[in-house]
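This report refers to the structure that appears directly beneath it.
What follows is calculated from the coordinates using simple rules that are stated; it is not laboratory data. Small disclaimer: the values here were computed from a predicted structure and weren't measured. Cβ sites come from the backbone with ideal geometry, for glycine too, and all protein chains shown count toward neighbours.
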Amino acid sequence: MKRKFLVNIVGVLLAFLLGAVVMLVQGYNPLDTYYQLFAYSLAPGKITYTLSKSVPLILTGLSASVAFASGPVNLGQPGQLLMGALLATIGGLYVNLPPLLMVPFLLILAMLGGALWSGVAAMLKYWFNMSEFITTLMLNMIADFFTYWAINYPFFEKNSNFPQTPLIAQSGWMPVWGNLNSSVIVMILAFVVVWFIMNRSTAGYEWRLSGQNSLFSRLGGVNVNKNYIVVMLLTGALAGLAGGLVVMAGPHRFIKDIGANYAWDGVMIAMVANSDILLTLIFGFFFSILQTGSVGMELITAVPKELIEVLQAVIVLIVVAGRGYFESLFAKLEARRKMKEITV
Amino acid sequence: MNIVIGLINGMISSATPILLAALGGALTFYAGIFNIAMEGMMLGGAFFGMLGSYYFHSWPVGILFAILGAILMALIFILFAVVLKMDEFITGIGLNLFSAGATTYMLRQIFKVKGAFSSPEIVPIPNLDIPLIKNIPVIGDILSGHNLIVYLTIVVVLLTAYLVFKTRFGLRLRAAGYNRTCLDTSGVSANRIRIASLLLCGVLCGLAGAYLSLGYVTLFSEGMSAGRGWISLAAVILVSGNPAGLTLISLLFGFTDGLGLYLQKTLPSQFTSMVPYVATLVALFVYSVRTKKKQIA
């Protein structure tokens, strides 16, 4: 456990070092830049904002982590997020319930939207054996254009000069306390549920088993096909939930590019976390620190905030490569020690 | 008649980048590498191609830069996937996102713009008129007047087919994919072959990128590869890398793309833009139904 954390921290530090070299080459002061980055996102009044911003990252990260750990290569989080956001928005435009019912209602709609879209990919795999890896990618592009059409024609806000829907009913807005958005509570609930399923339930055990060795688990009596469908629907629902919360917590309407890059960031988070649920939470918050801080960094030090996108990808590559490298190194050391014990 | 000619020309021009990237992907496919980084290599090529053409006011330099840019991406892939033995899938996803981030960052840092950069200083790759043939009515309109890269692509298809099936390198390439241990024990480093195939893939993706930013249009915009790398990957999987098959599939995708543009008169543009991606799904569907039938029979 300790070793696992150490590898991650060393990897992140190495990536930061590389980033520092890039900054030095361009004539920026790396120490000051990193200081401003963290000072901005971790300042007392700001940290709750950073936490609120981590919600879509962590939820899509959980979606990818559960999928990768269980076998299905669901890369459809971007599309599932958009479909979840769209369905929640439509619900918020046409239904008006008291807040206590409205918020769960819209969240369920969001999850349905995401599960619907991942369900299409699951169905194509189940009946026609089409690899979800390619189909989810294609469905991402289709969802992108479809939602863009939806906010341009049927749900377009009249007289607006930007592709967007009208505001959803106020009862569906997530309550806000200062900088802290209540969507954080939903995210933590989702995390607890996912952690429990993956680490403490039979279903989660079977999923992880299938992820490690599908044939073995089938021979052991696991219904691999059924689990595949359930995992796809669950991970779609998680990504959809992220989309619904983005709408309900943020602009309260579906505007163009609302999905930003959350879902691909989520995929990166799952990869760097090695599909570990707890590490997904930690790295999700860490990526949110980087992204929130990048705004302050640009304001004060003039380093463009796009640098953080590069840094994120570098962190993923280095941490994952480092993990493999260290693991083989430790294995070698272990073997050498055992050899000595035998010879002595 | 004009519509047909327009459709055919549209088909050829949108098939070109997909075909180039798919040929690159095919080389790595034969070498047994699960290479999904064509998207990132193409994007890197498109950016550096624009950069070279802008600073040197010359399209050959642009093409050279595009190839070098894509090779740079391929080198990163080699470093992580071959040298450090990292999972190819994770490397590919990481590299694609790295490429998207890095080109956006450089666009901001070097050209001080967000979104897209275009300038009259960027010299596009010229179109070629074939003497004699261009004067023949219909056929001349179809065969002549395409971008230089389009004609180059035809050569590349033939060269790739020759390289893979008729040369010693091609034999080793396929051996690296079939059974790398066997290749290693016969005295040829499988890793060296894999590295060579990735570098060649970089060259071809660089050409595809140059076509995007210096041929198709004369500008660079963020994420301008727009999923073409993924479509080319789907094409590679569909025909197991066969160059002739890739040509057909790419032309089919190109046709649906052109058809989408033509349908814009009757359908909202968002739906017509979906057409190539839906076509990919349909192609995968037909493929899987066919394989199923074969298995039963």
Distance (nanometres) between label positions extended 7 Å along Cα→Cβ at A:Leu329 and B:His57: 5.2 nm
Cβ-defined net charge surrounding B:Phe89, 14 Å radius [Lys, Arg +1; Asp, Glu -1]: -3
Eligible aspartates and glutamates near A:Lys226 by straight Cα distance, threshold 16 Å, same-chain separation 8 or greater: A:Glu132, A:Glu206
Potential lengthening between B:Ala244 and B:Val155 on full extension [0.36 nm per residue; Cα-Cα distance subtracted]: 30.8 nm
Kyte-Doolittle mean at least 1.6, axial Cα span of 20 Å or more - DSSP H helices of chain B: B:59-77, B:148-166
Distance between modelled label sites at A:Trp177 and B:Asn179, nm, 7 Å Cα→Cβ extension: 6.7 nm
Tensor-based shape of the protein assembly as shown (alpha-carbon gyration tensor, a/c under 1.5 rounded, otherwise prolate or oblate): rounded
Separation in nanometres of the label points that stand 7 Å from Cα toward Cβ, at B:Leu263 and A:Asn213: 4.7 nm
Net charge over other residues, Cβ less than 14 angstrom from the Cβ of B:Tyr178 (K, R count +1; D, E count -1): +3
Tensor-based shape of the range B:37-190 (alpha-carbon gyration tensor, a/c under 1.5 rounded, otherwise prolate or oblate): oblate
Centroid-to-centroid separation of the range B:152-210 and the range B:1-51 [C-alpha atoms, Å]: 17 Å
Over 24 Å (Cα to Cα) - which of A:Lys46/B:Lys114; A:Lys125/B:Lys294; A:Lys4/A:Lys340; A:Lys4/A:Lys53; B:Lys134/B:Lys166; A:Lys340/B:Lys85 fall in this group: A:Lys46/B:Lys114; A:Lys4/A:Lys340; A:Lys4/A:Lys53; B:Lys134/B:Lys166; A:Lys340/B:Lys85
Peptide A:132-142 - average C-beta neighbours from other chains (10 Å radius): 6
